[in-house]
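Enquirer: Pasting in a structure now, in structure tokens, and then I'll have a few things to ask.
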Amino acid sequence: MKTGPSTALIVVDIQNDFCPGGALAVADGDAVVHLANRLMGQFETVVLTQDWHPADHASFAANNPGGEPFSMIEMPYGPQVLWPTHCVQGTEGAAFHAELETDRATLVVRKGFHSHIDSYSAFLENDHKTSTGLAGALRDRGIGEIVLVGLATDFCVHYSAIDAVSLGFGVTVLEDGCRAIDLDGSLAAAKAEMAERGVTLTTSNRLKAA
Ligand code: VGL
Ligand code: ZN
């Protein structure tokens, strides 16, 4: 099956730090690599996203005196989880998983590189204003629908999905192609919000040619 040319596959943050052994490991995160590779063969437009933080990033607990990893703080743009230091630019942890077939990508989007704003979404940073440029790049390529897989379901996949809906894209999340961090019920909340905003939550075996 080949998916139609107006649908892009977006592979979110399949990087070493989100895989077992990484700094912010998502349980079973590496289990999605082979499915992502297989799906890439079915799309003309394949986007990879890469969490790409400077070492002084404000979302790192280590850069917030007294801040515990996985606790919440208030940033000028709203609440922010403090994370273990992860995906620092140029490190092995920020590199894509070695088995991810990155040669298939037609666009790679890096995000989270402003020290004072986190960016879960591949479209808008966490201030919900600063654009990564991805929406424009997709529109310029004639893309109207996106299919999302990757890490983590409840953070970067979730925020990418709801921003894409707000920006006018049709959005499908393949749940078997994602794994979650699941912090205090964040997976259930993310799934409920995605469903409510009109994201189609399905599985790869039900992906239809569009
Ligand atoms: C992510 C937390 C912090 C993700 C990135 O890729 O879901 N989560 N940075
Ligand atoms: Zn991050």
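Enquirer: If you count only protein heavy atoms and use a 1.4 Å probe, how large is the accessible surface of ASP56, to the nearest 10 Å²?
Expert: About 90 Å², rounded to the nearest 10.
Enquirer: Using a Förster distance of 35 angstrom, determine the FRET efficiency expected from the C-beta separation of LYS129 and ASN205, and round it to 0.05. Numbers along the way, then the final one.
Expert: Values: r = 38 Å, r/R0 = 1.08.
Rounded to the nearest 0.05, the efficiency is 0.40.
Enquirer: When ligands, DNA and RNA are left out and all protein chains stay put, how many square angstrom of accessible area per residue does the chain have with a 1.4 Å probe? Provide the component values of the computation, followed by the final result.
Expert: Details: 8880 Å² over 210 residues.
With the other protein chains kept in place, the chain gives 42 Å² per residue.
Enquirer: If you fit an axis through the alpha-carbon atoms of helix 186-196 and take the longest principal axis of the Cα set of the chain, what angle between them do you get, 0 to 90°, nearest 10?
Expert: 40 degrees
Enquirer: Counting only protein heavy atoms and a 1.4 Å probe, tell me what percentage of the chain's accessible area is made up of carbon and sulfur. Intermediate values should be presented prior to the final figure.
Expert: Numbers: 4560 of 8880 Å².
Summing carbon and sulfur atoms, their accessible area is 51 percent of the total for the chain.
Enquirer: Once you have all Cα-Cα distances for region 106-210, histogram them in 5 Å bins from zero and send the whole-percent values.
Expert: 2, 12, 23, 25, 22, 11, 3, 1, 0
Enquirer: Then there is this: For a test of the definition: using alpha carbon positions, the gyration tensor, and the 1.5 limit on a/c, classify region 27-66 as rounded, prolate or oblate.
Expert: Values: a/c = 6.42, a/b = 2.32, b/c = 2.77.
It comes out oblate by the Cα gyration axes.
Enquirer: What net charge do the residues around GLY21 carry, taking every other residue with its C-beta under 12 Å from that of GLY21, with Lys and Arg at +1 and Asp and Glu at -1?
Expert: Details: positive: none; negative: ASP17, ASP30, GLU92.
Around GLY21, the surrounding residues sum to -3.
Enquirer: What Kirkwood radius, in Å to one decimal, follows from the Cα pairs of the chain? Could you put the intermediate results ahead of the total?
Expert: Details: mean 1/r = 0.0592 Å⁻¹.
Kirkwood hydrodynamic radius for the chain: 16.9 Å.
Enquirer: Also, I was wondering about something else. Return, for the Cα atoms of region 19-131, the radius of gyration and Dmax in Å, separated by a comma.
Expert: Using the Cα atoms of region 19-131, the pair Rg, Dmax is 15.1, 47 Å.
Enquirer: In the neighborhood of TRP83, defined by Cβ-to-Cβ distances under 12 Å, what is the net charge if each Lys or Arg adds +1 and each Asp or Glu adds -1?
Expert: -4
Enquirer: Follow-up. For n ≥ 4 DSSP H runs only, could you compute -39500 (n - 2.57) per run for the chain, divide by its residues and tell me the 222 nm figure to the nearest 500? Don't skip to the answer; put the middle values down first.
Expert: Values: 4 runs with 35 residues, N = 210.
Roughly -4500 deg cm²/dmol at 222 nm, from the helical runs in the chain.
The values are calculated or read from the model by the stated rules, or taken from the named source; none is laboratory data. Predicted model only: the values in this text are computed from it and were never measured. As a convention, Cβ positions derive from the backbone with ideal geometry for all residues, glycine included, and neighbour counts pool all protein chains shown. Keep in mind that these areas ignore ligands, DNA and RNA; they rest on the heavy atoms of the full protein, side chains included. Shrake-Rupley method; radii C 1.70, N 1.55, O 1.52, S 1.80 Å.
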